[in-house]
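First comes the structure, then the notes that go with it.
The values are calculated or read from the model by the stated rules, or taken from the named source; none is laboratory data. Keep in mind the model is a prediction, meaning the values are calculated, not measured. A quick note on method: Cβ atoms are made from the backbone with ideal geometry, for glycine too, and the neighbour counts reach across all protein chains shown.
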């Protein structure tokens, strides 16, 4: 016997240069998904592993610039941060004077703790042969050797690595060049990102901040937090500062990468025109800007190089202050200081520094008047933001890689050239199999690349690319057992391990679905009904199953969910479509997530229209649980809970109807005793979507909208009880909602329901969605 396959193999080593948000998240994904021996070396200069510059602040006044609901570290689990905050609410009580929800802007200091806890959890639960090594040091050189490289540290240590990830984060920009020997005088000039930026500064001393962007806002907040009394000047070429976040209803997409103008001038005119159209319809300009978020990178990539350069020269400051906004509380502090006169923000250029015994005289040329003004200040703080020009970067590692031709700085002076997965291009235009990057170094390729929503996707995709690039390590197959019935030596074809049951609630004509893996015994219930919990528990017990999850397709209006009670009795997790109104779920979904139940894969498909927050579930690509988005020969109503008939038509025809025709359709309700259909049948026979019975001829979108807008259905009779209860996942049922005197359905309304039913039955052959 040759035992070579049992021989220990040297683990692959991946070095991650930078232990801030980006580096920590790449390490987290590697720890969670590696399936072969792996050593991850995470190298960070500071002792604050996981925080980086952005989240290492020690003051509570520095808030995130994005609300907590959009700051999960995991794109496929948008509710993760909110659950972490809820789980740690007692430990974090001193940071939050108010209840935290999806619209809260939490302190950056707390977010740093969140990233650290994610990394710690991934490390603690990783396989024994997947290890994380934390090194407090600085990488100063990478020398290719064989198929890998030797990584050199400032401390003098060296180690071998198979892959190197540059998670460099943000480096501070140099202050504007001034022809004056005193321009770098440390006695008065500091960098905003240094720990001593405001050290030993008298509370009455005047201060000059160079730059008026987000870094300036941080400095203003720090000064305010210190109860600084002196005058604060802030100067930039245009004198623009970040705008304030405020709630605004979403604006529909109005551009695609293909229709977006290919010149900066044309793009600006198009954007301004759309803002005017939106304003006339009651939308805020913020909604228009935000509607571009999903396609901003593609719009940027469609611009010719000369237009990208033109954008950088003329529009960048205007884009930044409108796109990268600040928390309302932060904006209020800045406005208060401006109104009091303590803070002065102006447009101009610094011409000269002249050192004085007690500070410095700074000559500023005003933008509009070109008049020179001399400011006498005790401290000058460089707040000019992020340095991204790697053509001239003094960073020792970048200089080393540049000298070896291992990287190719972007032609327009923004970061480094990389492929779609973050693999860097060498100076001779080859894709590196050694060096990778994410975040700021990809700014020239992607433009929008330094915010959490972009970074979390890059981190996940990069970790996948890294693991897929590693050498394949195979395992020997076990000895095959002979088929005892046939006696041949062929392998047996395994039966499907999917267990699928459809359960019915006669009072509301609602279906609950039990899905499980026969082999592992793991189970899921979809849309459980409170009154049927005992039945569901009995089914689980009889089949020997362990309930892992309760899934909801939407916030139901006709029955109270049994998810909360099932969670109390089994310890399962409750998972719902993302909806700010639902406060007690363990996890929320936005679509695209895969829920693994043993070997059974359940894909979440975002299907709004019946309500604003609705998910269909595709089980093993064969069983489609459509909720109220699609019924057998009908569909759910669209006249409350943010429903929209046009949206429902789009998701059914463009998403659900694109699945294979033999996909089984299991709805959340049926009022005529039907249990299952197929996508092919519904495309042909569903009168809501086919205007010729049995023919593949779709109704038009406008026809569908007309039908839905004329159903005139009364609201569900129990809606005032079910909706509040379901917002708590059934854990809490408001007693006043159960008061019969408060019922939405009066005797007169009940009569009207009967009339409506009969009328619509005659017109639409009984195929329509109703909650009665």
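Taking the criterion of being touching a strand residue (DSSP E or B) at 6+ places or on another chain (Cβ under 9 Å), under 30 Å from residue 106 (Cα atoms) and modelled with pLDDT under 95, would at least one residue in segment 290-304 satisfy it?
no
Kindly state which strands (runs of 3 or more DSSP E) lie completely within segment 314-413 and contain at least 1 residues that are out of contact with any strand residue (DSSP E or B) (no Cβ under 6 Å at 6 or more places or on another chain) and without any contact (Cβ under 8 Å) to a residue 24 or more places away in the chain.
Those strands (runs of 3 or more DSSP E) span 343-356.
Just one of the numbered conditions (1) loosely packed, with under 11 Cβ neighbours inside 10 Å; (2) part of a helix (DSSP H, G or I) is not true of residue 704; which one?
For residue 704, the exception is condition (1).
Kindly check whether there is at least one residue in segment 138-153 that is at pLDDT below 95, outside any strand (DSSP E or B) and farther than 30 Å from residue 384 by Cβ.
yes
I want to confirm something. Restricting to segment 40-58 and keeping residues that are surrounded by fewer than 17 Cβ atoms within 10 Å (Cβ to Cβ) and in contact with a strand residue (DSSP E or B) (Cβ under 8 Å, 6 or more places away or on another chain), which single residue is farthest from residue 333 (Cα to Cα)?
Here the answer is 45.
Output the residues belonging to segment 79-106 that are touching a strand residue (DSSP E or B) at 6+ places or on another chain (Cβ under 6 Å) and either without any contact (Cβ under 8 Å) to a residue 12 or more places away in the chain or farther than 21 Å from residue 576 by Cα (or both).
Within segment 79-106, 95, 105 meet the criteria.
Results for (1) within 30 Å of residue 394 (Cα to Cα); (2) more than 14 Å from the chain's Cα centre (by Cα); (3) in a helix (DSSP H, G or I); (4) outside the structural domain of residue 52 (by TED's automatic domain parsing), shown as yes or no for each residue.
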site: 82; (1), (2), (3), (4): no, no, yes, no
site: 100; (1), (2), (3), (4): no, yes, no, no
site: 115; (1), (2), (3), (4): yes, yes, yes, no
site: 124; (1), (2), (3), (4): no, yes, yes, no
site: 132; (1), (2), (3), (4): yes, yes, no, no
site: 135; (1), (2), (3), (4): yes, yes, no, no
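Would you call residue 275 assigned to a helix (DSSP H, G or I) and under 28 Å from the mean Cα position of the chain (by Cα)?
yes
Being in a strand (DSSP E or B), in contact with a strand residue (DSSP E or B) (Cβ under 8 Å, 6 or more places away or on another chain) and over 30 Å from residue 650 (Cα atoms) narrows it down to one of 566, 618, 547, so name that one.
547
Can you say whether residue 563 is more than 20 Å from the chain's Cα centre (by Cα), in contact (Cβ under 8 Å) with a residue 24 or more places away in the chain and crowded, with 24+ Cβ neighbours inside 10 Å, as far as the supplied structure shows?
Criteria met by residue 563.
Can you tell which of 120, 75, 161 is within 22 Å of the chain's Cα centre (by Cα) and at pLDDT 90 or above?
The unique qualifying residue is 120.
With (1) under 22 Å from residue 578 (Cα atoms); (2) crowded, with 22+ Cβ neighbours inside 10 Å; (3) modelled with pLDDT of 90 or more as the list, and residue 643 as the residue in question, which single condition is left unmet?
Every listed condition holds for residue 643 apart from (2).
Quick check on my filter: what residues within segment 53-77 are more than 19 Å from residue 221 (Cα to Cα) and touching a helix residue (DSSP H, G or I) at 6+ places or on another chain (Cβ under 7 Å)?
Hits for segment 53-77 are 68, 69, 70, 71, 72, 73, 74, 75.
Got a number for residues in segment 37-52 being in a loop (DSSP other than H, G, I, E, B) and out of contact with any helix residue (DSSP H, G or I) (no Cβ under 8 Å at 6 or more places or on another chain)?
4
Restricting to segment 662-682, name every residue that is farther than 13 Å from residue 635 by Cβ and touching a helix residue (DSSP H, G or I) at 6+ places or on another chain (Cβ under 9 Å).
Scanning segment 662-682 gives 662, 663, 664, 679.
Considering 674, 699, which residue is more than 34 Å from the chain's Cα centre (by Cα) and modelled with pLDDT of 90 or more?
Every option except 674 fails the conditions.
Filter segment 451-462 for residues that are buried (at least 22 other Cβ atoms within 10 Å of the Cβ) and not in a helix (DSSP H, G or I) and give the result.
Once the filter is applied, which keeps residues that are buried (at least 22 other Cβ atoms within 10 Å of the Cβ) and not in a helix (DSSP H, G or I), segment 451-462 yields nothing.
Check segment 673-685 and report whether any residue there is in contact (Cβ under 8 Å) with a residue 60 or more places away in the chain and either crowded, with 18+ Cβ neighbours inside 10 Å or not in a helix (DSSP H, G or I) (or both).
Yes: segment 673-685 contains one or more residues that are in contact (Cβ under 8 Å) with a residue 60 or more places away in the chain and either crowded, with 18+ Cβ neighbours inside 10 Å or not in a helix (DSSP H, G or I) (or both).
Hey, can you tell me all the residues within segment 582-598 that are within 21 Å of residue 668 (Cα to Cα) and assigned to a loop (DSSP other than H, G, I, E, B)?
Within segment 582-598, 582, 585, 590, 591, 592, 593 qualify.
Right, residue 665: assigned by TED's automatic domain parsing to the domain that holds residue 514, surrounded by 22 or more Cβ atoms within 10 Å (Cβ to Cβ), under 34 Å from the mean Cα position of the chain (by Cα) and in a strand (DSSP E or B) or not?
Yes; evaluated as a whole, the condition is true for this residue.
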